[in-house]
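Here the structure comes first, spelled out in structure tokens, and everything after it is commentary.
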Amino acid sequence: MVESLNRVEISRSALCHNLAVCRELAGAGCGIVAMVKADAYGHGMVECARILAGEGVRAFGVAEAVEGVRLRRQGIGGEILVLAGTLPETIGAMIEHDLTPVVTDAAMLPDLSRRARQAGREIGVHLKVDAGMGRLGCLAGEMEEVVRRIAELPAIGLRGVMAHFPMADDPASSSSHQVRQRFEAMLRRVRHLLPPDLRLHIANSGGLFYGAGTGLDYVRPGIALYGCPPDGGLHAGRGDQPALRPVMRFVSRVIQVRQVPAGTGLGYGHIFTTRRPTTVALLPAGYEDGYLRVLSNRASVLIRGHRVPVIGRVSMNLTMVDVTGLEQVQPGEEAVLLGRQGEDEITADELAAWMDTISYEVLCLLGNLNRRVYVA
Ligand SMILES: *Cc1c(COP(=O)(O)O)cnc(C)c1O
């Protein structure tokens, strides 16, 4: 069997290490909802859910019901929160596969209750409130009505109430503390209507790392599980942040090495012209693989543990790097576009800066467009 020369390597041990870091920060008695949406940020949803379940994780977060169904079909147990996909047409799947819809209003509740009852079941829901995110969620003025409706309906149980932080990536911002206070104020107003065993949660990775979201029943880390600091690496090396281990590497191979004289225009548009005799190595990776065109003349890759610059246009399936001065690079050698090789490392945050984006997008792109290999 022949496979792509490019591969994304996913480290099981790094994922487990990062889970342990999150648990330590969350403290005893606080559950982890592992966010495995977007195919676990490109790391493979089913495989990651299995690894995390093996470490005792009992709750998972996905965006849409279809992802929850896939997890169930692969034997994943526990609670599966469906965060962004509750239209009436998903009700059947929610009930059949014991998924937990995150609801934001009362619109779907009567149908949900009726259909759960028909199936002889009760369905648990979490209510998402907008405590300052300004995106998805129930507004303060609507909350009492929704909570009342849930309490009235026979086959629906309110299991949790959640909110989300808009600026948890910035440890210096007071936003998260304000959102936390608004969340608690919203809860106080409907306290008399809430069941006793309710699970409250608000923290994503930033809310967990920088404290504003701890002390509740659950935390919902995503990016931290995959090994990227929630602040985008801006405070790297400050020492007060626990050490996460990157889970993903993106590895390509050298397919050709060429010597070209000074003054040679390289690739589409000749946006790079050599100024000296240059050794060019070609890699069979390009924007098709998520190694975006914006990386042209901008990124670096690792070959033999050395950083070498990307030169010329990144094209659909080819990228050129300048390996002048490296001893006799050979076709077949590995080139690391993301991750560690030898003593050096290209982090997702570094690649993200070259791509004018954030680590999340880098992981989703590379992870979901390439062949994944799981390593110890
Ligand atoms: C994706 C998501 C998270 C995880 O966010 P990270 O910043 O990756 O930790 C948490 N909560 C909600 C509602 C999300 O959609």
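Roughly how compact is segment 12-219, stated as its Cα Rg over 2.2 N^0.38 Å to two decimals?
0.99
Return the sequence-ordered ³J(HN,Hα) values of segment 255-272 in whole Hz as given by the Karplus equation 6.51 cos²θ - 1.76 cosθ + 1.60 applied to θ = phi - 60°, using x for Gly and Pro.
Result, rounded to whole Hz: 10, 7, 10, 10, 9, 10, x, 4, x, 8, x, 10, x, 3, x, 6, 6, 10.
So what is the orientation-averaged projected area of segment 163-215, using the convex hull of its C-alpha atoms, in nm²? If you can, show how the numbers build up before the last one.
Working: hull surface 14.2 nm².
Computed as one quarter of the Cα hull surface, the answer is 3.6 nm².
Whose amide H sits under 5 Å from the amide H of Ala107, counting only residues 5 or more places off or on another chain, with H placed in the peptide plane?
Under 5 Å from the amide H of Ala107 lies no amide H from a residue far enough along the sequence or on another chain.
How are the C-alpha pair distances of segment 162-277 spread across 10 Å bins, as whole percents from the shortest bin up?
12, 28, 18, 14, 13, 9, 5, 1
Can you list the HN-Hα couplings for segment 360-375, worked out from phi with the Karplus curve (6.51, -1.76, 1.60; θ = phi - 60°), rounded to whole Hz and with x for Gly and Pro?
3, 5, 4, 5, 4, 5, 5, x, 8, 9, 10, 5, 9, 10, 9, 10
Can you find, among Val146, Ala106, Gly56, the residue sitting farthest towards the positive end of the charge dipole of the chain, where Lys and Arg contribute +1 and Asp and Glu -1 at Cβ?
Toward the positive end, the furthest listed residue is Gly56.
Let me know the volume per residue of the alpha-carbon convex hull for the chain, in Å³. Please report the intermediate quantities before stating the final value.
On the way: hull volume 58.3 nm³, N = 376.
So the per-residue Cα hull volume is 155 Å³.
Amide H of Ala203: which non-local residues (sequence gap of 5 or more, or other chain) have their own amide H closer than 5 Å, using H built in the peptide plane?
Those lying under 5 Å, H to H, from Ala203 are Arg220.
Within 13 Å, Cβ to Cβ, of Thr214, how many net charges do the neighbouring residues add up to if Lys/Arg are +1 and Asp/Glu are -1?
My count for the surroundings of Thr214 gives +1.
Mean 1/r over all different Cα pairs, inverted: what Kirkwood radius does segment 248-375 give, in Å?
Kirkwood radius, segment 248-375: 14.6 Å.
Between the helical axis of 140-152 and the dominant principal axis of the chain, each derived from Cα atoms, what acute angle in degrees is found, rounded to the nearest 10?
With both axes taken from Cα atoms, the answer is about 60 degrees.
Of the heavy-atom accessible surface of segment 248-375 (probe 1.4 angstrom), what whole percent is carbon and sulfur?
Carbon and sulfur: 51 percent of the exposed surface of segment 248-375.
With runs of 4+ DSSP H residues as the only contributors, calculate the mean residue ellipticity of the chain at 222 nm using -39,500 (n - 2.57) per run, divided by the residue total and rounded to the nearest 500.
Helices in the chain give a 222 nm mean residue ellipticity of -8500 deg cm²/dmol.
Counting only heavy atoms of the protein chains, get the accessible area per residue of segment 248-375 (1.4 Å probe) and round it to a whole Å² value.
45
The values are calculated or read from the model by the stated rules, or taken from the named source; none is laboratory data. What you see is a predicted model; the values in this text were computed from it and never measured. Neighbour counts are summed over all protein chains in view; Cβ atoms, including those assigned to glycine, are modelled from backbone coordinates with ideal geometry. All accessible areas refer to the heavy atoms of the entire protein, side chains included, with ligands and DNA or RNA removed. Shrake-Rupley method; radii C 1.70, N 1.55, O 1.52, S 1.80 Å.
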